[in-house]
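*Asks:* My structure is below; once you've seen it, I'll send some questions.
The values are calculated or read from the model by the stated rules, or taken from the named source; none is laboratory data. Everything quoted here is computed from the prediction, not taken from an experiment. So basically every Cβ, Gly included, is an ideal-geometry build from the backbone, and we count neighbours across all protein chains shown.
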Amino acid sequence: MKNVYYRNPGATSAPVTHNFIPSAGKKMMLSSRTIVDRSNSSLYSVQGAHDIIQLIKDQSNVSKLFISHNFLGDDGCEVLFGFLCSDIGRSRRITEVKLAKNGIGNRGLLAITKYLRDNRTLRELYIPANDFTPDPAVIGPFTAALNTSHVAKLNIGSHLTLSDAFIEHFIPSLASNHLSELQLSNLGLTYACIPHLVAYLKDRLRSRRLRVLMLNANNLGSEGLADLVTAIGTGNWSLAELEIFSNTTHEVSSAEQTQNLKQLLQRNRHYRRMVEKEALGLIRPSRALLLPPHDPPSNPYLPTEIYLHILSFLAPALSPAQQLNVFSYASSYTTLPALLPPLFPLQTACVPDPSNSSFDMLGGPGRSPPAGRHSSGCMDGCVKGIVCQREVRREHWLTAVACDVYELEYTT
């Protein structure tokens, strides 16, 4: 099978370069003030960790920690994450950590594991190209901690020392409710790990949130890739992107299989969009029919069961469980939006895209939006910003009512 790479056509993957040291006379962007970036800074062991800790202490608000390509090792990693587990460290609501190529071994991974446990703030963890080994006594606690965290993106690639033994202990125990992107490239994987990957992809409870899987630069072979395609076709409706570059040296005739994989991923994306659209469309009529009135009539026109049955025809792509989730949400007064806007909207402000012409209409960075526009950067929808809070809240709601994936076996 040829090396294949499929990505959502609507996604952008252009690299973004951050410049966190402003030139003289220029104002620093607010978002960059929350980032500690000491990549390629020759930080070494415990002293390097103390330097980073001091930077974190000097900033009251830290959201991202970039420390890739240094020499922290196990000792520095233990000191750094020991601090991050303290009360002061936890008060810095860090959402992203990059620790690529720092010479971190299993002791350092255990320190990271302690920080991961029940962590509901961290969203992205990048720890590729370190010195981890497939020790079950380390992989087990790491996987358990990952399952309790809210990490959505994990990159643990570029560890040829891990190989199939890592997958054997990691994947069968992986059951995160938040993991959406998993990067396992360049781990020296072979066909021996395929049964574990197939079982995970076909388990709709454990892999429900997974959208992106990267398996580049391994040795899965044509047979292994074929098994992955079959697993997606028969038992996975959530995966939207699959990267499998450089997994076989044999140029076999596999155009049909390649096209099949492309269609399967397109199928998953299509059904997910359909489920999301129907769930969003169902909420308004459900509120009108199911929200209990303050003065209920003594003799209701129809039983509630009849209302639910009628409403179900408005969203045939939703499973009965998904429909009931929407109905429960719609019938509660506690879920109604506030009548007045928040006093401090900047806490949830949108981040406009500087390359978009609408950015100028918002006044550019550091300026108040003109009259008629919300301070969140939205008016009658999103202005194609980098981050739109309206879309973020919409995604959170879809996840809360479990309408973020198509449930084939339970649809009406």
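*Asks:* Is there any pair linking a residue in the stretch 117-129 that is in the same structural domain as His178 (by TED's automatic domain parsing) and assigned to a loop (DSSP other than H, G, I, E, B) to one that is modelled with pLDDT under 95 and surrounded by fewer than 20 Cβ atoms within 10 Å (Cβ to Cβ), with Cβ under 7 Å and at least six apart or on different chains, and which?
*Replies:* Thr121/Arg93
*Asks:* Being assigned to a loop (DSSP other than H, G, I, E, B) and either among the aliphatic types (A, V, I, L, M) or under 30 Å from Ala402 (Cα atoms) (or both) is the requirement here; does His159 meet it?
*Replies:* Values: assigned to a loop (DSSP other than H, G, I, E, B): yes; either among the aliphatic types (A, V, I, L, M) or under 30 Å from Ala402 (Cα atoms) (or both): no.
So His159 fails the test.
*Asks:* While we're on this one: Take Thr133 and decide whether it is touching a residue at least 24 places away in the same chain (Cβ under 8 Å) and not in a loop (DSSP other than H, G, I, E, B).
*Replies:* Values: touching a residue at least 24 places away in the same chain (Cβ under 8 Å): yes; not in a loop (DSSP other than H, G, I, E, B): no.
No: the conditions fail for Thr133.
*Asks:* For Arg273, which of the numbered conditions (1) at pLDDT 95 or above; (2) surrounded by 17 or more Cβ atoms within 10 Å (Cβ to Cβ) fails to hold?
*Replies:* Failing condition for Arg273: (2).
*Asks:* Go over the candidates Asp75, Asp58 one by one and state the one that is modelled with pLDDT of 95 or more and of a type in the set (D, E, K, R). Full working, then the answer.
*Replies:* Details: Asp58 fails: modelled with pLDDT of 95 or more.
Only one candidate passes the filter, namely Asp75.
*Asks:* Ok, one more. Name the residues in the stretch 89-101 that are of a type outside the set (D, E, K, R), farther than 20 Å from Ser45 by Cβ and modelled with pLDDT of 95 or more, would you? Even if it seems obvious, please write down each step before you answer.
*Replies:* Taking the stretch 89-101 first, the residues of a type outside the set (D, E, K, R) are 89, 91, 94-95, 97, 99-100.
Narrowing the set further to residues that are farther than 20 Å from Ser45 by Cβ leaves 91, 94-95.
Across the stretch 89-101, the qualifying residues are Ile94, Thr95.
*Asks:* Looking for something of a type outside the set (S, T, N, Q), at pLDDT below 95 and more than 22 Å from Arg208 (Cα to Cα) - is there at least one such residue anywhere in the stretch 160-168? Walk me through how you get there before you give the answer.
*Replies:* From the stretch 160-168, those of a type outside the set (S, T, N, Q) are 160, 162, 164-168; that's our starting set.
Still in the list and also at pLDDT below 95: 160.
After this cut, where a residue has to be more than 22 Å from Arg208 (Cα to Cα) as well, the list is 160.
Within the stretch 160-168 (the criterion being of a type outside the set (S, T, N, Q), at pLDDT below 95 and more than 22 Å from Arg208 (Cα to Cα)), the answer is yes, since at least one residue qualifies.
*Asks:* Would you mind stating whether Ser185 is under 22 Å from Asn130 (Cβ atoms), under 16 Å from the mean Cα position of the chain (by Cα) and either small (Gly, Ala, Ser) or at pLDDT below 95 (or both)? Let's see the steps before the verdict.
*Replies:* Values: under 22 Å from Asn130 (Cβ atoms): yes; under 16 Å from the mean Cα position of the chain (by Cα): no; either small (Gly, Ala, Ser) or at pLDDT below 95 (or both): yes.
So Ser185 does not fit the description; no.
*Asks:* Can you find even one residue in the stretch 214-230 that is touching a residue at least 60 places away in the same chain (Cβ under 8 Å), touching a helix residue (DSSP H, G or I) at 6+ places or on another chain (Cβ under 9 Å) and in a strand (DSSP E or B)?
*Replies:* no
*Asks:* Could you check, for the stretch 244-266, whether at least one of its residues is surrounded by 12 or more Cβ atoms within 10 Å (Cβ to Cβ), aliphatic (A, V, I, L, M) and either touching a Cys at 6+ places or on another chain (Cβ under 9 Å) or at pLDDT 95 or above (or both)?
*Replies:* Yes, some residue in the stretch 244-266 is surrounded by 12 or more Cβ atoms within 10 Å (Cβ to Cβ), aliphatic (A, V, I, L, M) and either touching a Cys at 6+ places or on another chain (Cβ under 9 Å) or at pLDDT 95 or above (or both).
*Asks:* For a quick check of your reading of the model, give me the residue pairs whose first member lies in the stretch 313-331 and is farther than 18 Å from Leu289 by Cα and in the same structural domain as Leu289 (by TED's automatic domain parsing), whose second is of a type in the set (D, E, K, R) and modelled with pLDDT of 95 or more, with beta-carbon atoms closer than 6 Å and at least 6 apart or on different chains.
*Replies:* From the stretch 313-331, the pairs are Ala317/Glu278; Leu318/Glu278.
*Asks:* Sticking with this structure for a sec: For Tyr333, indicate whether it is over 16 Å from Gly281 (Cα atoms), modelled with pLDDT of 60 or more and among the hydroxyl-bearing types (Ser, Thr, Tyr).
*Replies:* Details: over 16 Å from Gly281 (Cα atoms): yes; modelled with pLDDT of 60 or more: yes; among the hydroxyl-bearing types (Ser, Thr, Tyr): yes.
Yes; evaluated as a whole, the condition is true for this residue.
*Asks:* Something else now. Please state which of the following conditions Pro285 fails to meet, knowing it meets all the rest: (1) out of contact with any Lys or Arg (no Cβ under 7 Å at 6 or more places or on another chain); (2) closer than 26 Å to Tyr191 by Cα.
*Replies:* Pro285 satisfies every listed condition except (2).
*Asks:* Of Leu179, Leu154, which residue is in a strand (DSSP E or B) and at pLDDT 95 or above? Walk me through how you get there before you give the answer.
*Replies:* On the way: Leu179 fails: in a strand (DSSP E or B).
Selected residue: Leu154, the only one of Leu179, Leu154 that is in a strand (DSSP E or B) and at pLDDT 95 or above.
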